[in-house]
Amino acid sequence: SQQGEEDPQALSIQEGENATMNCSYKTSINNLQWYRQNSGRGLVHLILIRSNEREKHSGRLRVTLDTSKKSSSLLITASRAADTASYFCATGYTGANSKLTFGKGITLSVRP
Amino acid sequence: DAGVIQSPRHEVTEMGQEVTLRCKPISGHNSLFWYRQTMMRGLELLIYFNNNVPIDDSGMPEDRFSAKMPNASFSTLKIQPSEPRDSAVYFCASSYFTGPYEQYFGPGTRLTVT
């Protein structure tokens, strides 16, 4: 399967701490994306990193990509209770047209 | 922009009934996707369209499922007849690009088949 796999499946941290989530995939990608899903809502796109990029920042988010290890990490710094959500990585493959392959998600709980 | 609009937000129906889910993508977007999300199977891509043309329907579980996109601003996903195992949250998403790029999701339709 080309599906990305997130690690850990669940993460619980204290407000103010950093949260690190990982994603691994199996085949060469065009890009890797991270999405957030709050309870009862649709997914929201957070950040996209292309296969020729190694690191990208957006506000309190930092994403890294290691194509040699076929893995990515999402770091949320200075977490807030509002960051409590499920986080999904999605991989886009060259030649796969518009299709993205989503992982099963990581449940992040930030305790106030 | 209103974002992706889905209707209804909740649907409860009896087994054997026809169900039609509706989606209005973001204006100007060229790709539209239908997903199904359950606890057991996670997020599954059912079908997607580029420029109103179905490109990949390999995720459609059975012939009971069908999807149409008659124009750039409207799509439907129909289940006929519905079964209890179809109970899930169905998401529609759209993307400006006809490639593997950012997708914008609607709020979803929670379908319960009794």
Test item: A:66-74 mean partner chain Cβ contacts at 10 Å: 0
Per-residue mean of C-beta atoms belonging to partner chains within 10 Å, peptide B:93-105: 6
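Step through the table entries A:Lys104/B:Lys24; A:Lys69/A:Lys104; B:Lys24/B:Lys78; A:Lys99/B:Lys78; A:Lys26/A:Lys56; A:Lys56/A:Lys104, compare each Cα-Cα distance with 18 Å, and write down the pairs that go over it. Before the final figure, lay out each step's value.
On the way: A:Lys104/B:Lys24 26 Å; A:Lys69/A:Lys104 20 Å; B:Lys24/B:Lys78 15 Å; A:Lys99/B:Lys78 21 Å; A:Lys26/A:Lys56 21 Å; A:Lys56/A:Lys104 23 Å.
The answer is A:Lys104/B:Lys24; A:Lys69/A:Lys104; A:Lys99/B:Lys78; A:Lys26/A:Lys56; A:Lys56/A:Lys104.
If we count every other residue with Cβ under 13 angstrom of A:Ala81's Cβ, Lys/Arg +1 and Asp/Glu -1, where does the sum land? Kindly include the intermediate steps, with their values, before the conclusion.
Numbers: positive: A:Arg80, A:Arg111; negative: A:Glu15, A:Glu17, A:Asp83.
Every neighbour counted, the sum reads -1.
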Percent of C-alpha pairs per 10 Å bin, the range A:5-111, short to long: 16, 50, 29, 5, 0
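Summing +1 for each Lys or Arg and -1 for each Asp or Glu, what net charge is found among the other residues whose Cβ lies under 15 Å from the Cβ of A:Gly105? Write down the numbers at each step before the final one.
Numbers: positive: A:Arg36, A:Arg41, A:Lys104, B:Arg36, B:Arg41; negative: A:Glu5, A:Glu6, A:Asp7, A:Asp83, B:Glu44.
Overall, the nearby charge balance is 0.
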In nm, spacing of pseudo-spin labels at A:Ser24 and B:His10 (7 Å Cα→C-beta vector): 4.1 nm
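For chain A, what is the accessible area per residue in Å² when the probe is 1.4 Å? Walk me through the numbers before you get to the answer.
Values: 5340 Å² over 112 residues.
Counting only protein heavy atoms, the per-residue value for chain A is 48 Å².
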Formal net charge of residues neighbouring B:Asp56 (Cβ-Cβ distance under 14 Å; K, R +1; D, E -1): -1
B:Thr98/B:Asp57 FRET efficiency (R0 25 Å; Cβ-Cβ; nearest 0.05): 0.95
Solvent-accessible area buried by B and A, counting both chains, probe 1.4 angstrom, square angstrom: 1700 Å²
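Looking at the range B:26-114 from every direction and averaging, what is the projected area of its Cα convex hull in nm²? Kindly include the intermediate steps, with their values, before the conclusion.
Details: hull surface 22.8 nm².
Mean projected area of the Cα convex hull: 5.7 nm².
The values are calculated or read from the model by the stated rules, or taken from the named source; none is laboratory data. Computed from a predicted structure; not experimentally measured. Virtual Cβ from ideal backbone geometry, glycine too; neighbours counted across all protein chains shown. For accessibility, only protein heavy atoms count, side chains too; no ligands or nucleic acids. Shrake-Rupley method; radii C 1.70, N 1.55, O 1.52, S 1.80 Å.
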